[in-house]
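Written below as structure tokens is the structure these notes are about.
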Amino acid sequence: MGEIPGARAELDRLGRVLRTQVVALIEQLTPGADLMLLFLSEPTVSEWSEPAKYRYSTTFRGQRPESVGAADTVRRGAAMLADAGWEVSESREVNRTLVTGYRDGSTIELRVPDHTPTVLYSASSPALVLSTPQADEQPDPSRTSDTVTAGYVLCYECDGLGVCPECGGRGWLPDAAAGQRKCPECAGERVCPICRGAGQLAVSQLQPFQRGYYPELRSE
Ligand SMILES: [Zn+2]
Ligand SMILES: [Zn+2]
């Protein structure tokens, strides 16, 4: 797996722009908020694709001063974003206003409730791929039709690969909520659960239902 030249630097640049803008909003709209709690200094995995995608993203909450109403907070937040070159839209959610700013693939959202002084910020950069895909992630198959042992057939489950065909031998699958989850087919053991990694099965030991996967055996 190789790093894509410049990709991390570009992501870091987008992260810095995002952070600068979010800090400016927080300082103006909810002064006194503890910026130590703004976690926006490292990108995280946003998508467990192969290769994974990374982005800067965070949420933050602050309190608007009692002297400034919700409508004023919405107006000032939208104006700050627009002045800084963000494309701004406003919409209504239940009992609050959502201000959204877009720029260079980044998104900043402000949620301003009508009746409580909390202001919710969320911000995310675009998700970037930082490295090239692993070269030929699949290992060589244990067996192919050319190398299958006499008296054996290629495993019907993995086609001779030997590794678990569900997870490709990783032992885990991408998961939207948790990032990764253990592969249910191999229970994380990475090998094909049918042939246990051999890639082939002895014809003499096939069970009747397994013979059904091999039409060519029926004539024997
Ligand atoms: Zn598996
Ligand atoms: Zn197998």
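The values are calculated or read from the model by the stated rules, or taken from the named source; none is laboratory data. It should be emphasised that the depicted structure is a prediction, and the values quoted were computed from it without experimental measurement. Note: ideal-geometry Cβ built from the backbone for every residue, glycine included; neighbour counts use all protein chains shown. These area figures cover heavy atoms from the full protein model, side chains too; ligands, DNA and RNA do not enter into them. Shrake-Rupley method; radii C 1.70, N 1.55, O 1.52, S 1.80 Å.
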Under 5 Å between amide H atoms, partner at least 5 residues away or on a different chain: which partners does Tyr54 have, H built in plane at 1.01 Å? Ser46, Leu128, Val129, Leu130
For the residue pair Arg181 and Thr144, what label-to-label distance in nm results when each label sits 7 Å from Cα along the Cα-to-beta-carbon direction? 3.6 nm
Can you give the log10 of the normalised intensity I(q)/I(0) at q = 0.14, 0.19, 0.21, 0.28 Å⁻¹, computed with Debye over equal Cα scatterers of the stretch 1-69? -0.54, -0.80, -0.90, -1.26
Name the most mobile residue of Asp146, Asp12, Asp175, meaning the one with the largest mean-square fluctuation, in a Gaussian network model of the chain with Cα contacts below 10 Å. Asp146
How much space per residue, in cubic angstrom, does the convex hull of the C-alpha atoms of the stretch 85-191 take up? 177 Å³
Given the chain, report the % of alpha carbon pairs whose separation exceeds 27 Å. 55 percent
For Gly197, other-chain or 5+-apart residues with amide H closer than 5 Å (H placed, Pro excluded) are Cys192
Label model pair Glu42, Asp83: point-to-point distance (7 angstrom along the Cα→beta-carbon line) in nm is 3.5 nm
Averaged per residue, the 1.4 Å probe accessible area of the stretch 152-217, protein heavy atoms only, in Å², is roughly 54 Å²
Computed FRET value (nearest 0.05) for Glu166 with Glu109, which takes r as the C-beta separation and R₀ as 41 Å: 0.65
Gap in Å between the Cα centre of the stretch 3-68 and the Cα centre of the stretch 200-220? 58 Å
If you place +1 on the Cβ of every Lys and Arg, -1 on the Cβ of every Asp and Glu, and leave all else neutral, what size is the dipole of the stretch 152-217 about its Cα centre, to the nearest 20 Debye? 180 debye
Need one number: nm distance between label points at Glu90 and Arg16, each 7 Å from Cα along Cα→Cβ, rounded to one decimal. 3.3 nm
Inverse mean reciprocal Cα-Cα distance (Kirkwood Rh) of the stretch 152-217, Å: 12.5 Å
